[in-house]
1. Show the residue pairs that are 6+ apart or on different chains and have beta-carbon atoms under 9 Å apart, the first residue being within segment 32-54 and touching a residue at least 12 places away in the same chain (Cβ under 8 Å), the second being charged (D, E, K, R) and in a helix (DSSP H, G or I).
2. Given the condition β-branched (Val, Ile, Thr) and open to solvent by 50 Å² or more (accessible area, probe 1.4 Å), answer yes or no: does some residue in segment 81-95 qualify?
3. Given Thr34, Thr74, which one is modelled with pLDDT of 80 or more and more than 25 Å from Met1 (Cα to Cα)?
4. Run Ala71 past the list (1) open to solvent by 50 Å² or more (accessible area, probe 1.4 Å); (2) in contact with a helix residue (DSSP H, G or I) (Cβ under 8 Å, 6 or more places away or on another chain); (3) aliphatic (A, V, I, L, M) and report the number of the one that doesn't hold.
5. If I go through segment 50-68 residue by residue, how many of them are out of contact with any strand residue (DSSP E or B) (no Cβ under 9 Å at 6 or more places or on another chain) and open to solvent by less than 20 Å² (accessible area, probe 1.4 Å)?
6. Test Leu75 against the stated conditions and say whether it is part of a helix (DSSP H, G or I) and either in contact (Cβ under 8 Å) with a residue 40 or more places away in the chain or under 16 Å from Phe15 (Cβ atoms) (or both).
7. Here are Ala13, Ala69: which of them is touching a residue at least 60 places away in the same chain (Cβ under 8 Å), out of contact with any Pro (no Cβ under 8 Å at 6 or more places or on another chain) and on the phi < 0 side of the Ramachandran plot?
8. Name the pairs: first residue in segment 78-91 and charged (D, E, K, R), second residue crowded, with 16+ Cβ neighbours inside 10 Å, Cβ to Cβ under 9 Å, at least 6 apart or on different chains?
Amino acid sequence: MTITEAFERLYAAGFQPREGQIQMAQQAYHAFKTKTVAVLEGETGIGKTFAYLIAGLLALQPKQHLVIATATITLQSQLFEKDLPQILKALELPLAATLVKGRQRYVCPQKLLHIESQTTLDLALMGLQPHEIQAQ
C-alpha cells in the first residue's frame with residue numbers, strides 16, 4: 001500500500017488528511033525505506049503523529065519492529081490508545097502493538113529485550129526517552 005492509498009482509506013473512514021500531512025508521511029516513508037535520517041517539522045494541527053505512524057507502519061518489513069519514543073506521557077497515551085488503533089483499523093493492518101515502559105516511565109532495557117525476543121511483536125511504543133539496548 002502506498003502513502004497516497006493509505007490516506008485515501010483514511011479519508012473514506014472519515015478522517016480529514018491535510019496536504020502537509022501527506023507530504024510529511026511521504027518524506028518519513030522515504031527515510032524509513034532508505035534507512036536515512038529525516039528531520040521533519042510541522043505546524044500545530046498538521047497531523048504529525050498520523051504522518052509518521054502511517055509512514056513507519058507501511059515501511060515495516062516482515063519481522064521488523066517499529067519503536068516510537070515520545071516526549072510526553074500525554075502523547076504516548078494518544079498514540080497508543082487512540083491514533084494507532086484508528087490507523088490499524090482503517091488501513092486493515094494486521095499488526096500488534098505493545099506499550100513498553102519501565103520504572104519512571106522510561107523504557108526498561110530488560111523488558112524490551114524480553115519482548116524483542118518474542119516473535120509476535122510487530123510494534124513497540126516506548127516511554128519518554130529512547131535508549132540503546134544491547135543484550136548482555
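1. What qualifies is Leu40/Lys48; Gly42/Lys48; Thr49/Asp83; Phe50/Asp83; Leu53/Asp83.
2. no
3. Thr74
4. (2)
5. Summing the residues that are out of contact with any strand residue (DSSP E or B) (no Cβ under 9 Å at 6 or more places or on another chain) and open to solvent by less than 20 Å² (accessible area, probe 1.4 Å) in segment 50-68 gives 3.
6. no
7. Every option except Ala13 fails the conditions.
8. If the second residue must be crowded, with 16+ Cβ neighbours inside 10 Å, the pairs left are Asp83/Thr49; Asp83/Phe50; Asp83/Leu53.
The values are calculated or read from the model by the stated rules, or taken from the named source; none is laboratory data. Everything numeric here is computed off the predicted structure, so don't read it as measured data. Cβ sites come from the backbone with ideal geometry, for glycine too, and all protein chains shown count toward neighbours. Each accessible area value is taken on the protein alone, full model and side chains, heavy atoms only, with ligands, DNA and RNA left out. Shrake-Rupley method; radii C 1.70, N 1.55, O 1.52, S 1.80 Å.
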